Amino acid sequence: METLIININRLTGILPAETRRLCGAEMDKVQVLEDAWLSIRDGKIAAFGPMSELKVEKTAPGRIIDAGKGDVLPTFCDPHTHLVYAGCRDGEFRDKIAGLTYEEIAARGGGILNSADLLHETGEDELYRQAMERIAEISAMGTGAVEIKSGYGLTTEDELKMLRVIRRIRKDSGLIVRSNFLGAHAVGRAYTGRQSEYVDLICMEMIPAVAAEGLADFVDVFCDQGFFTVEETARILETAARYGIRPKIHANELAVSGGVQVGVAWNALSVDHLERTTDTEIEALKGTETMPTMLPGASFFLGMPYGRAKDYLAAGLPLALASDYNPGSSPSGNMRFVMALGCIRMRLTPEQAFNACTINAAYAMGVSELAGSITVGKTANLILTRPIPSLAYIAYAHQTPFIRSVFLQGKPVDSTSKSPF
Ligand code: NIG
Ligand code: FE
């Protein structure tokens, strides 16, 4: 059955089918068609055009949605989240306010290990239930594609539990979902003081088990000060490469860690965080297929520097933004807020921030042939707004509830219902 959306004020984010990502000055523009219609068939964008050229066959079955001069945009893609976790870490929020840093909280046995303890005690069904609440939350806020990491298991059994939950979310949610194995998020408690043996466990037991079940699209390492070294990262990425699993890695959040360079050396699809980078990292990324991905929600929550987004664009590089939705450094998956932080704190133009949250974010999770733009043949994951004055308004009025409907695979998700799933 066909769905036809008519009277769209601005159909925003149109791109040719062959565009996989936008680099440097290409990010300055967002193509818009004014006074438009768009049709959906079999969950995909079937066609679009100007209202003046719309011919509706009276006999055609289907339904017509009058946009009433609202805008239609592609849903946001969120290429870096940890949204499968148990409970939350609101206690550490108090420690943080009292002045402890992220690293100090982690060094006291809190942080990621705290979440790992909670996850260990939580059954798979309950973990799935909690994660699906977050999925309902982000889809209502306009996210239509999401990458989700493991990394709160830190034992083979619990990492597999997390990845199986992600597989269920992928099957059930209507979002485009990609999974990322992050066994190297922290050293599991049983291996305290024996980090290299934990890396052995990742390489010799976890990766083979994950690959045997086909549970991960990507492999990740928290390559940073106090977590995993460049050498350990290379070992893990080398092992993953033997199983055909491409990296997306955490780099340069807490220090200039060498994470960008090791990521590039192993052809990472993305290197993420980048709060602390020098010109050397920018040089290292030039001419590569690796998407620099910044997570301004983590900078906001932890009071860290924001990534040097404008310098990356001036160097001709692409840039993606992501929420980093997780219980420790960014307990929010709101991509509109991410877009707003991109503009307000990183000085991206609304067009650059929009491209960073859509087509480039799709690239950073390996789905830019499916999502991230208004393109015939892409999945009809769309946002329909109430009438809004401009693209800039999305970031400017970032708390205003102007989303009228979110469509996932062509079907509207009622943003007022408790859970669409
Ligand atoms: O991306 N940096 C490492 N991992 C997460 C935080 C995870 C946590 O604190 O639970 C991040 O910020
Ligand atoms: Fe992260």
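A few comments on the model shown:
- Crossing angle, helix 156-172 versus the chain [Cα axis fit, 0-90 degrees, rounded to tens]: 0
- Size descriptor for the chain, Kirkwood hydrodynamic radius: 21.6 Å (Cα pairs only, one decimal).
- Multiplying the residue separation of ASP42 and SER390 by 0.36 nm and subtracting their alpha-carbon distance yields 122.3 nm.
- Anisotropy class of the range 165-291 from Cα gyration tensor, a/c 1.5 cut: oblate
- Inter-label distance for LYS286 and ALA25, nm, one decimal - labels placed 7 Å from Cα along Cα-to-Cβ: 1.6
- Degrees separating the helix 230-242 axis from the principal Cα axis of the chain, which is the longest one: 60
- GluC sites (Glu not before Pro) within the range 160-246: DSSP coil, no more than 12 neighbouring Cβ in 10 Å: GLU213
- Based on protein heavy atoms only, the chain ends up with 39 Å² per residue of surface accessible to a 1.4 Å probe.
- Size descriptor, Kirkwood hydrodynamic radius, that averages inverse alpha-carbon separations across the range 274-346, Å: 12.5
- Largest first and in whole Å, the equivalent-ellipsoid semi-axes of the range 52-128 read 49, 18, 10, each the square root of five times a Cα gyration tensor eigenvalue.
- Bridge type composition, the chain - antiparallel percent by DSSP, nearest 5: 45
- In nm, spacing of pseudo-spin labels at ARG170 and GLU103 (7 Å Cα→C-beta vector): 3.5
- Estimated D of the range 242-387 in µm² per second, where Rh is the Kirkwood radius over Cα pairs and Stokes-Einstein applies at 20 °C, 1.002 mPa s: 138
- Projecting the Cα positions of ALA131, THR75, ILE282 onto the charge dipole of the chain (unit charges on Cβ atoms of Lys, Arg, Asp and Glu, taken about the Cα centre) puts THR75 furthest along the positive direction.
- The range 223-292, Rg to Rh (Cα coordinates; Rh as Kirkwood inverse mean 1/r): 0.94
- Against the chain, whose longest principal axis comes from its Cα atoms, helix 335-344 is set at around 80 degrees.
- Candidates VAL221, VAL56, VAL262, ranked by Gaussian network fluctuation over the chain, Cα under 10 Å, top entry: VAL56
- Dividing the helix sum by the residues of the chain, where each DSSP H run of 4 or more adds -39500 (n - 2.57), gives a mean residue ellipticity at 222 nm of -9000 deg cm²/dmol.
- Kirkwood Rh (inverse of mean 1/r, distinct Cα pairs), the range 141-231, angstrom: 13.6
The values are calculated or read from the model by the stated rules, or taken from the named source; none is laboratory data. Quick caveat: nothing in here was measured; it's all calculated off a predicted structure. Please note: Cβ atoms are built from the backbone with ideal geometry, for glycine as well, and neighbour counts cover all protein chains shown. To get the accessible areas, we keep the full protein, side chains included, count just its heavy atoms, and leave off ligands, DNA and RNA. Shrake-Rupley method; radii C 1.70, N 1.55, O 1.52, S 1.80 Å.
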